[in-house]
Every structure is written in C-alpha cells, then in structure tokens.
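**Student:** Pasting a structure below so you can have a look.
The values are calculated or read from the model by the stated rules, or taken from the named source; none is laboratory data. This structure is a prediction, so every number in the text was calculated from the model and none was measured. Cβ placement follows ideal geometry from the backbone for every residue including glycine, while neighbour counts extend to all protein chains displayed. The area values use the complete protein model at the heavy-atom level, side chains included, leaving out ligands, DNA and RNA. Shrake-Rupley method; radii C 1.70, N 1.55, O 1.52, S 1.80 Å.
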Amino acid sequence: MRPALAVLAAAGVATIAILLLLRPSSLRSSTTATSDYANFEALQVHPLAITPDRTRLLAVNTPDARLEVLTIGAHTLSRLGEIPVGLEPVSVSAFNDSIAWVVDNVSDAVSIVNLRTFSVENTLTVGDEPTDVVFAGSPKRAFVCVSGEDAVKLYDLVDPLAPTLAANQTIQGTHPRALAAWGNEVYVGVLDAGNRTSVVSASLVRAGGGPPPPSPPRKLTSSAPDVALIVQQVGSDWVDERAASQKTWNSVIPYTLPDRDVQVLDASSGAPVRTVSDVGTNLFNLAVAPGSGNVYVTNTEAFNRTRFEPNLRGRFAQNRISRIRPGQTLPSDVWHLNSHIVYDTIPGPSFERDLSLSQPIDIAVNAAETRVYVAALGSDRVGVFDLSQGTVVNRIPSSLAPLPKRGGPTGLALDEARAQLFVLNRFANSVSIVDLGTENIVGETFFRFYPTPREVFEGRRFLYDATLSGHGDLACSSCHIASNFDNIAWDLGDPQGDPIPVPPGQSPFLPPFDPMKGPMTTQSLRGLSGTGNLHWRADRENFLAFNPAFVKLMGNDAQLSTTDMQRYNDFIMTVVYPPNPNQNLDRTWPDPAAPTPSPTRGKIEFDTNNHDGGTCAACHAFPAGTNGTIIPGPLLQESQGMKVPQLRNAYAKTGFTNAAGPQKRGFGYIHDGSIDNLITFLHLPVFNFQNEQQRRDLASFILSFDTGMAPSVGRQLTISASTKNLASTTSLLDSLYLEADIGNCDLVAHGYIDGQNRGYRYTGARKFESDYNPEGVLDADLLRGLPDAPGEAITYLGVPPGSGVRMGIDRDRDGYRDRYEIALGSDPADASSVPSVSAITMPPTAPIARLSQNAPNPFNPSTVIAYDVAHAGTVKLHVFDAAGRLVRTLVDANVPAGRHTVRWDGADDQGRPAASGRYYYRLRVGPKVLTRDMTLIK
C-alpha cells in the first residue's frame, strides 16, 4: 500500500477486484529449502579472536551455532573444544583467558562463555541484531554494537559473568556494524553510512525543469516515464549529474546529510567525541594500528549519482581502504584496492581480474604499521597492502579448498609472535594459517561439522563471486550486501533499451515496461520465495530472469550457464528474514492505549477498514504482504505501473525525515525512496482516515509486519542455581514451551551439569528428550532444576521449526544422539562415524548406580527410597518440588558399594511439613545422575 501500490478511491472496488483476478496464479519458489536449516545469511564481523595469553584461537562456526576453541602452535591449530551458542554468531571477543563474549546476531544476545568448562554461563539480551563487541576503558567495560537499533550499549563488568547496562548510546547512522578500541576511544563503523545521496521526487523534478538529457540518448521515440532523480550533497549544494554551476536542487531539499561514517565514543562514558565523514558508502570493518592509533577502514564507495546501466557497467563501485589519523574528522588517505583496473576496457583481461580484490570484509594491521591485511570475501583472497607503497603487493588464496568449496574469507587474526595470520573462511568453514614471511598458506583446519545444505553450498558463490564481473571487483553482493541491501537507490535504466514485456500471468492490458525506469532503491534478496514476479515493477518473471545482469551491469563476457543460474536461484530461495523486533514473543503485537500507536489496532485497520478503495490486505496479502499484482500507473498517479511490494522489511527503512536538519539517511519508502516515512505516505490524498490515530496505528502495524520467522526463534535464556526459580525464568520458559507446542519454533537446551556438557530437545507437553539415550525423557521442571552447583547452567534456545533434532541432540543427522555416540566411541559431528553394531548390542556393563522407585507411592506420611552404587564414593540424594526448588537433602556423604535405603518423612530441611503434590528425587554418583518422581498426598 503506497503510491506505487495504493489504488485510487475513485477507481472503486470493482477495479481492485479485476486486478486481483488477474494476479499471478502461483507465487511459489522453485526450490524447497532443507527442512532442518534456516539460512539467515548473517555477515560475520569479527569471527576470530585470540585469548590474551596467546594460546587459543576462538572462532565462530556460524552455520552450526557454535564457538570453536583451538590451541595455537607454530603453523598448527588443534581442536580443544566447542560450545553451542545462540543463532548466527558473528563476532567473538575474549574478556580474559577464561571468559569470552560471543555476539549472536539472530538471537539478539551475547553468549557469555566459560572457556574452561566449554559452556555458556549467561545470556545477555542486548537488542535487535547485534554485530560486535569490544572491551575498553578504565575500568574495563563492554561495548556492544546493536545494529538493528542504531546503538552501542555499554555494560559494567564488576562481575563479567553478570554484566549490567551502564549506557545506551544512539549512533547517528544506519546499521552500525564494527567496533575497535584504542586508548580511551572506541570507534564505531557504520555499515550503511551512505554517500550523501538522496532523491528528488518525480513531481519536484518536473517542476524544477526536468532531469538532464539522457546520455546515451534515448532510442525510443516515445517520451520517457516521469521519474525521480538521484542527487548528492556536494559541499552546500544538492546536485545531479550536472555541475552546481548548471543546476542545483537546494530549493527543494531542506535537510543535510552529515555522512557520519565512523563515530568515536569516549571509552569511559560512551559519550560521543567526534565523527569522521567521507570514509565510504558501506563500511565493513576497522582496525587500529597499536602504535600510532591510526584507524584503517575497509569500505566500498558507490557511484549511484551516475545514471543508467550502460554508464555504470563494470564500474558502479570501488573497494577501498581509508586511513583516519588520531583526532581527525576526515580520512587522511583513501586507497583504491584495484588501481590496476582499466575501466574503459570491459570486460578486462583475465590477469586484471586475477589481481582484483572485492568486498573487503575484515582488516588487520601489523604492529610495525607496514602491512595491512584485507579479507576479500568476493575474491577468495587475502590482500596484502604495503603502506609505504600505497598499493596491494600480494593476493593470497584464503583456502586450499577447490572452487566448489570456495573459501569466502570473512575474518582475520594476527599472531605476529609466531609470524602467522589466521583466516576464517565462511564458506569453506575453515581456518587457514598464512605464514607472514612467505605469505603463503601453510595449513588449514576445517570445523568439525558444516550443516549447510547442498542448495546453499552450491549456489552461494554466485552472490559473492567477483570473478563473474568484467574486472573481477564487483558482485551481486556489492549492492545486495549479504543478500540484503545497501540502503541507497540506483537508476539502472537504459536509454538505448527496448520495451520490456510484462511477465506471463499478469494483466494482458498492461503496457510493456519502459527501459528508462528511473531511480529504484536496492531491494533485499531475502524472503523472495512466494512473492511473485520480481523487481519493483515486477519486470522480471522470476529470479532466473536476472541472469543478463552479469553481462549488462557487472560487465562479464557471458551470463551464467543455465545450470549455475538455477543453483543461484535455489540458494537465494533459501535465504530468510530474521524475526521482526517489533512483535511480541508470542507473535502477537503490542497494544498500548492511545495516543501511543498500537500495532494491534493497526492490524484491524489493515485487515478490515477501507482506506483507499479497498482494504490494505486485499493487495498486501499475507504472509509476505503482497499478492504479486502489478497496479497500472494511472491508478497510482504514477507514470508507470508498480508491483504490490512485500512488507516484511518495512521496519528496516526508518530514519529519514524530509525536514530541516541533519538526517542519517537520504532514502525512505516506495520504489524510489522519495517518501520519508509511513506517516507521510498515509497522508497522501488517495487515502481516507478518520483521524491521525488511525494512521499512526496502521503505520505501527506495518513496522511490525511478520517476517515469516517467529520472534521465539533465536530467543535465548541461560539459567543457573540462582536464577532457575525466578518468576521471570519460569514465565519465559512457559512462553517458549507454548511457542514450541504450536510450531512457531523448536526448543533446545544445552547445559553443563555434573562436569558434563549435555543437550536436550523439547518434544512437547513440557517434556525434553536427552542426547544420551539411557537418560530418556525428562520433565521440563526437572530439567530446569538440574543446575545447583557453581558453574552449572542450562541455556535454552528457540530455533527454526524443524531444526530441533539437529541443534539439540543429533548434530550430524546420522540418527544417533550426540552424547550417546561419544559413549559408544563414535563422532557426533561426523555422519560417517556411527556406533559399531557390537557397541550397540554388546551386554551392558554393570551400572555405576541404580535408583529404585520409592515405596509406597503415593505416600503419607513417609516413604522409603532404595538405591545401589557400584563403587564406594560420594553420593548425593536430593528431593525437589515441582518448581525445581530444593526441599530436602537425604544423603550427602561417602557411602560404601552396595544397596542402600533412606526414608523421607515428608518434611523439608527445616523440619517443616511439605505440601501435597508431586516431588522429584535425584541421585548423583560421580558423573551419573538418576531421577524419579513421587507423590505426597495428605
């Protein structure tokens, strides 16, 4: 519902009905995603860290939701352990040699990890889509970058396992991504920093004399559509392609775009110190030279002020490093990583492509500040940049894996004491070791398990692979960053182009699309399955129809083969949106009293009230918010038809106001980004509202629109002996049980109990099954009651529907549960390693302990519990109530081998009579834990 969507009331409901009848008959994807894996395609930020004692390397295994811990040697890495964490871990930082913080992007949390027990000891819920963490200041504090909230949050670390929020600092930029610290400053790099470009609407362009004449000239004799115009703030002027001496748009743009690319915070208070502008359009990462304090930033610079696809072919962006000296507000140096490219020759020769570096995702600088290392995701290379020469002097393959298992370098960690560099390869799921002397790979360690399904594994490279461009430096992900968007607009029309036919299935009365389409904001590639024809105008029948862009826009000499394009399609159709942060945990919407906007009331406006000749839901159909229909231009008061767009990412487009003062972004809503916010959109004359409250409510619902992934997915909670019985704990767990019962998520739990790491999967009806077959099924309250010693904890995690078995109890999908495999001598992270027949069928050895059912049961006033132990040693026998609270310690002593009995008189440890109800008694003998239940009736 928008100008390019909203049907004029004068058109009447009948017109809408006709368009609905003509909508595409099928909106299905051409592929089926693997059922136990949801592909969020989160982009790693700092996936590697070395512990302060320099003995261990920490690496996030994003697809497997684990932290890998490896022992560092000279040109060697050996596996030490791994820790299940939250969904989509993207960064890790070591607080000390015993504690690390892992940033879980989809879980909206930080997992605080004990590196000695290999377990999560606490979960810190920080806010929407966090990306990074650094420790800085005196006393030391944690700075967490919360990208979805455009904020950095500071935490006091009096107890590093139980931090407390000290400050919430708003960042004046869209999607802050990476952090670095030096001295008393923390540096915040903004992913969607922009380049001071914005858009002048079609009506204002027409009133201002029209756009510049097209170059190349228009081939068609018909008039081009009336479209908007991309402009850029240069100094104090707003200009298009023409010089300010020829034309400015200052009179119609009241705002400024300060371009706050890197923001500097005080490490003690978190207060803003200064901002640095003109660093780049999209900033990926930053590193600080330890001696000088110079900050190095990897980035891309977009040239979206240039109009038309022929003029941008093979040259629409540059990959760069920018250097910021201490105290400065502008970069002192900006280096183009691909200065060897001759852009006028396209496609370039093969040697030119081989030298190119694309998508510089991570960066490291050596202590002497002579070398900068860049992880070039799109080139499968680590670029070596010589600062004295100001140029790239080496390009090291990031992985020894063959092309189908492309490396995809995303993380770097320097170990200069051993003259080596560690490189995390996101796609190969490995860590390579580069010798800093020879600058060659000398080793590669692959993570134990890679759950990524075949359609992702085979098709992902086509999103990122820059070798498929004319100069080897650009890829689809240069704009569709990690399958999402760059938060700017492009005019990729072609004045020399021919009319584009309307895709089959749309109205036969629609005219062909004009090749000069005007500015269009970059659309996300997430959640495309089920959304119909693609592009803002629906001028692409399906994703396969984008294949010509490899030649026409990227400048390659050929399109992908039919097979490769199908693989690309199958991969893209797996990519999903994360949950909407504006929904409640149970997938409902907040409902505050007026005048506060209410999404719950807004849904009523959306579903049932007629605001534009029909209901919003008639066109913006659930589940994605689109019925796939193209609405003709005249009905939209537009010069060309537009497709009803999906609404799943509307919440990610806020932050622009068309008013005087500084803005953090220059594009808003509708196809060209010319509507600053939803309230402005709903004030257009095509809409009818009784009052402003209805508009506010409806806008709040659109910003809360379901993404297709429930908010319970990713929700994480860690409990310990001190927190397991809190009302907040039991309330949240009750909600998660219900969410799993109705299918919004699966629920898993991982814990460290009795010196052992364990896994569980929720099976419904408040029951969990264990990853150790003999342990069987546990009552939910019993599981919650297990942590009762220092260091013991259980972490619950909502995971995508269908993934609970893999993520909870059978990691390698081989049908054998994880802990049971270990007990039987096979590897739970290797599907080819299964227990032998003899291991499964051989007579069991004598049990360490046996726990009998109490008698009588039910009982009143007392009952007898019998147990057996195979060896003399410490025995503990406790009684817990149904809430998991300790009621009575019956045994806590060294006992001899043999059979023993103990009587419980129905009283607690203080001698007070226990109430009627269900109780659990738990026996611990060494690593063995056995539990039964009993009932006291009075």
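**Student:** If you find the alpha carbon centre of the range 283-344 and of the range 448-498, how far apart are they in angstrom?
**Tutor:** Result: 19 Å between the Cα centres.
**Student:** Between Gln756 and Leu80, what is the FRET efficiency for a Förster distance of 22 Å, r being their Cβ-Cβ separation, to the nearest 0.05?
**Tutor:** Working from the Cβ atoms, E equals 0.85.
**Student:** Mind putting a number on the dipole of the chain about its Cα centre? Charges go on the C-beta only, +1 for Lys and Arg and -1 for Asp and Glu, and I need it in Debye to the nearest 20.
**Tutor:** 720
**Student:** Convex hull volume of the Cα atoms in the range 715-824, per residue, in Å³?
**Tutor:** 90
**Student:** If you project the alpha carbons of the range 76-216 onto their three principal axes, what span does each projection cover, largest first, in Å?
**Tutor:** Principal extents (largest minus smallest coordinate, Cα): 69, 33, 28 Å.
**Student:** For the chain, build the charge dipole from Cβ charges (+1 Lys, Arg; -1 Asp, Glu) around the Cα centre, then report which of Gly755, Asn610, Thr574 sits farthest towards its positive end.
**Tutor:** Value: Asn610.
**Student:** Suppose the chain between Asn691 and Phe509 were pulled fully straight at 0.36 nm per residue; how much longer would it get relative to their current alpha carbon spacing?
**Tutor:** Answer, rounded to one decimal: 61.8 nm.
**Student:** Could you give the length gained on full extension between Asn725 and Ala831, defined as 0.36 nm per residue of separation minus the Cα-Cα distance, in nm?
**Tutor:** This chain segment gains 34.4 nm when fully extended.
**Student:** Evaluate E = 1/(1 + (r/R0)^6) for Asp354 and Ser268, where r is the Cβ-Cβ distance and R0 equals 30 Å; express this FRET efficiency to the nearest 0.05. Could the numbers behind the result be given before it?
**Tutor:** Values: r = 48 Å, r/R0 = 1.59.
Using R0 = 30 Å, I get an efficiency of 0.05.
**Student:** Let me ask something else about it. So what is the calculated 222 nm ellipticity per residue for the chain, using -39500 (n - 2.57) for each DSSP H run with n of 4 or more, over all residues, to the nearest 500 deg cm²/dmol? Provide the component values of the computation, followed by the final result.
**Tutor:** Details: 18 runs with 122 residues, N = 938.
-3000 deg cm²/dmol, from helical runs alone.
**Student:** Write down the Kirkwood hydrodynamic radius of the range 624-702, to one decimal in angstroms, obtained as one divided by the mean of 1/r over all alpha carbon pairs.
**Tutor:** The Cα-based Kirkwood calculation yields 13.9 Å.
**Student:** I've got another one for you. Placing +1 on the Cβ of each Lys and Arg and -1 on the Cβ of each Asp and Glu in the chain, which of Ser388, Pro599, Tyr919 has its Cα farthest towards the positive end of the resulting dipole?
**Tutor:** Tyr919
**Student:** Give, in nm to one decimal, the length gained when the segment between Thr596 and Ser203 is fully stretched (0.36 nm per residue of separation minus the Cα-Cα distance).
**Tutor:** Numbers: separation 393, 0.36 × 393 = 141.48 nm, distance 3.31 nm.
Difference between extended and current length: 138.2 nm.
**Student:** Just tell me which lysines come within less than 30 Å, Cα to Cα, of Lys603; anything on the same chain fewer than 8 places away is out.
**Tutor:** Answer for Lys603, where 30 Å is the Cα cut-off: Lys643, Lys653, Lys664, listed by chain and number.
**Student:** Under 16 Å from the 7 Å Cα→Cβ point of Thr345, by amide nitrogen: which residues of the range 446-472?
**Tutor:** Answer for this model: 470-472.
**Student:** Which one, Met554, Phe303, Leu684, projects farthest toward the positive side of the charge dipole computed for the chain from Cβ point charges (K/R +1, D/E -1)?
**Tutor:** Leu684
**Student:** Next question, about the same structure. For a quick check of your reading of the filter: which trypsin sites (Lys or Arg not before Pro) in the range 374-480 sit in a DSSP loop and have no more than 13 other Cβ atoms within 10 Å? Please report the intermediate quantities before stating the final value.
**Tutor:** Values: sites: Arg381, Arg395, Lys405, Arg406, Arg418, Arg426, Arg448, Arg454, Arg460, Arg461; in loops: Arg406, Arg426, Arg448, Arg460.
Answer by residue number: there is no such site.
**Student:** May I ask for the equivalent-ellipsoid semi-axes of the chain, computed as the square root of five times each C-alpha gyration tensor eigenvalue and listed largest first in whole Å?
**Tutor:** So the three semi-axes of the chain are 52, 34, 26 Å.
**Student:** In whole Hz, what ³J(HN,Hα) sequence does the range 370-378 give by Karplus (6.51, -1.76, 1.60; θ = phi - 60°), x for Gly and Pro?
**Tutor:** 10, 10, 10, 10, 10, 8, 9, 4, x
**Student:** What does the charge dipole of the range 849-936 about its Cα centre add up to, to the nearest 20 debye, if the Cβ of each Lys and Arg holds +1 and the Cβ of each Asp and Glu holds -1?
**Tutor:** Computed charge dipole of the range 849-936: roughly 200 debye.
**Student:** Something else: Quote the Stokes-Einstein diffusion coefficient, in whole µm² s⁻¹, for the range 204-254, based on the Kirkwood radius over alpha carbon pairs, a temperature of 4 °C and a viscosity of 1.567 mPa s.
**Tutor:** Translational D for this selection: 107 µm²/s.
**Student:** Set the bar at 19 Å for Cα to Cα. Now go through Lys767/Lys938; Lys517/Lys552; Lys724/Lys767 and name every pair that lies beyond it. Numbers along the way, then the final one.
**Tutor:** Details: Lys767/Lys938 27 Å; Lys517/Lys552 15 Å; Lys724/Lys767 17 Å.
Listed pairs above 19 Å: Lys767/Lys938.
**Student:** At 7 Å along Cα-to-Cβ for each site, give me the label-to-label distance between Ser332 and Ala789 in nm.
**Tutor:** Computed distance between label sites Ser332 and Ala789 equals 5.6 nm.
**Student:** In nm, to one decimal, how far is the modelled label at Asn184 from the one at Ser236, with both set 7 Å along Cα→Cβ?
**Tutor:** It works out to 3.6 nm between the two label points.
**Student:** Points 7 angstrom from Cα along the Cβ direction at Ser561 and Ser215: gap in nanometres?
**Tutor:** 4.2
**Student:** DSSP loop (so not H, G, I, E, B), at most 16 other Cβ within 10 Å: list which chymotrypsin sites (Phe, Trp or Tyr not before Pro) in the range 494-569 pass both filters. Don't skip to the answer; put the middle values down first.
**Tutor:** Working: sites: Phe509, Phe513, Trp536, Phe543, Phe546, Phe550, Tyr568; in loops: Phe509, Trp536.
Passing sites in the range 494-569 are Phe509.
**Student:** I've got another one for you. Quick one: ranking Asp494, Asp607 by accessible area, 1.4 Å probe, largest first, what do you get?
**Tutor:** Per-residue accessible area, sorted high to low, gives Asp607, Asp494.
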